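A short write-up of the structure that comes next.
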Amino acid sequence: MIRIFNTLTGQKEDFSPLAPPSVGIYVCGPTVYDMSHIGHARAYVAFDVVVRHLRHRGFRVRYVRNYTDLDDKIIQRAAELGRPPAEVSERFIREYQIDMATLGVARADVEPKVTGHVPEIVALIGELVANGHAYAAAGDVYYSVRSFPGYGKLSGRRLADMKAGARVEPGEQKRDPMDFALWKGAKPGEPAWPSPWGPGRPGWHIECSAMSAKYLGTTFDIHAGGKDLVFPHHENEIAQSEGATGQPLAKVWMHNGFVTLDSEKMSKSLGNFFTIREITAKFSPEALRLFLLGTHYRSPINFSDQGLAEAEKRLDYFYETLAKADALAAGTAPVASPEAAALLSAVGAALDDDFNTPEALAALAGPFARLNELSEKPGKGPTRAASAAAAAALAAALREAGAVLGIVQRPPVDYLAQRRAHLAARRGVDPAKVDALVGARTEARKGKDFARADAIRDELLALGVEIMDGPRGTTWKIVG
RNA sequence: GGCGCCAUCGCCAAGUGGUAAGGCAAAGGUCUGCAAAACCUUCAUCCCCCGGUUCGAAUCCGGGUGGCGCCUCCA
């Protein structure tokens, strides 16, 4: 049984889909006006694991993740760049897709855009106006929060408590300061669509209500996003959707915690953010993913180079171990193995418990050590064959567990070769020169000239190259 | 001001009533010509502080202290 923490109830609950084995999930996607940062990476990696695990458990998941490709920020950015808004949003959608692919985040089944759903949005606003939840005022349309008794149920606020924070911009015709725009009348030079209230464009929250209804129905299983969306975005979505249908919008609401820098929220407005592109230029993208999975999705995660470096080191260990195991197990069929079964069981149980990725990662430690033990000391004859079979089984199980987490899916040899090339380039190390020095050292060792062999090793170490003497010769890698 | 979250080994981080997972770092050992890598062992009688509930609490309740978030765009 999968248990999920539901923001709506503030508790972990047994997950029971409306129509098993189908599961509908809607994740609020990015507003595409700039490059994505680590906070975006955190959110979409977290829900990627949610979807992967649900599918691994046999659910048929329909995953919808939108693009907000029309809003004030995009229009502003377009004005700054002197380009049409559509060009700006299209560009950053492409950049986002590149980042997500780099991080191993799977595409959603449906990735709708606001600009493609204006008629649906207009229709929904029309319903809300007709049933008294919304009112038109001077070309705008506002949602009347007083008309919706449940307003505040997701974020745990009462309207009376929110008064202080409400603001009314000049020119707005709100009846209540807490009311929010469903439709914004067009201003000169802005993109606009026709509507019964005059030309204009959708407000920020309405698109998710319209698109989730179109692709997942009136009520669906999971609605997710960052903690900063709880209020007002998701609260307003509930007001819109439930105001129109009278039915619950989503059964379960999931929210991921922030990425912080020096314990402060990483955000555009504070300016204390790193883009995904900046980090993946320095560290392996998979290491970033592993770093993010090292903390439970609901907790804040403090970003640091040290944390990334540790994740990268750990990932190298994973791939080096798998490379050794593959070498041992080449041509061997895996056998049923209690160790492999125990691993998958432990990882499954961890993820069943509100997607506890740190616990799942912890469960990998023992099996990886065991795999190294098998690879280092396989024995001989029948013992070696048994070791190879056990290694094959364990490596297969680790890869299966890794598939749910979205790690260690690449051929280890490829990964390690790419790592070495990347690090060599960064340190300005010439692989041919290293090979020559390693060859010279091997000759010296054959001649028992250990003084010279050690001198060469020191020389290599000064270059940042660490060598390892093994039964099949000497290998090397770049350190630091 | 309103609402809410967090505080666990040097660092990161699981753990919501039954006696502290895992990783990094560190120390010792095995292996090695010596190393590195790998493997093994050690490493919090204690979970911010003070009270309370309980046979029993890091885990529940009350009060402090410290950090953070939302209430305005934000994953």
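Throughout, read-outs are computed from the coordinates displayed, never taken from laboratory work. None of these values were measured; they are calculated from a predicted model. Heads up, the Cβs are rebuilt from the backbone with ideal geometry, glycines too, and the neighbour counts pull from every protein chain shown.
Among (1) aliphatic (A, V, I, L, M); (2) more than 7 Å from RNA strand B (Cβ to nearest atom); (3) within 24 Å of A:Y96 (Cα to Cα); (4) touching a helix residue (DSSP H, G or I) at 6+ places or on another chain (Cβ under 9 Å), where does A:A329 come up short? All conditions are met except number (3). Considering region A:1-28, and only residues there that are near RNA strand B (Cβ under 7 Å from one of its atoms) and not basic (K, R), the residue that is surrounded by the most Cβ atoms within 10 Å (Cβ to Cβ) turns out to be A:C28. The residues of region A:270-281 include none that are outside any loop (DSSP other than H, G, I, E, B) and farther than 18 Å from A:E95 by Cα. Determine whether region A:313-327 contains at least one residue that is over 21 Å from A:V105 (Cβ atoms), in a helix (DSSP H, G or I) and of a type in the set (V, I, T). The answer is yes; a qualifying residue exists. For region A:453-480, residues that are farther than 14 Å from A:R420 by Cα and not polar (S, T, N, Q) total 16. Say whether the condition of being more than 30 Å from the chain's Cα centre (by Cα) and of a type in the set (D, E, K, R) is met by at least one residue in region A:378-397. Checked against the condition, which is being more than 30 Å from the chain's Cα centre (by Cα) and of a type in the set (D, E, K, R), region A:378-397 yields at least one hit.
Given the structure, is A:L460 away from RNA strand B (no atom under 14 Å from the Cβ), in contact (Cβ under 8 Å) with a residue 24 or more places away in the chain and part of a helix (DSSP H, G or I)? No; evaluated as a whole, the condition is false for this residue. Of the residues examined, A:E339 is not one that is over 20 Å from A:G406 (Cα atoms) and either of a type in the set (F, W, Y) or within 9 Å of RNA strand B (Cβ to nearest atom) (or both). Of the residues in region A:116-135, not one is crowded, with 18+ Cβ neighbours inside 10 Å and within 15 Å of RNA strand B (Cβ to nearest atom).
Checking each residue in region A:355-409 for being surrounded by 14 or more Cβ atoms within 10 Å (Cβ to Cβ), away from RNA strand B (no atom under 16 Å from the Cβ), over 30 Å from A:M1 (Cα atoms) and of a type outside the set (A, V, I, L, M) picks out only A:R384.
Tell me, please, whether a residue that is within 30 Å of A:E111 (Cβ to Cβ), touching a residue at least 40 places away in the same chain (Cβ under 8 Å) and away from RNA strand B (no atom under 11 Å from the Cβ) can be found in region A:165-175. Within region A:165-175, not a single residue is within 30 Å of A:E111 (Cβ to Cβ), touching a residue at least 40 places away in the same chain (Cβ under 8 Å) and away from RNA strand B (no atom under 11 Å from the Cβ).
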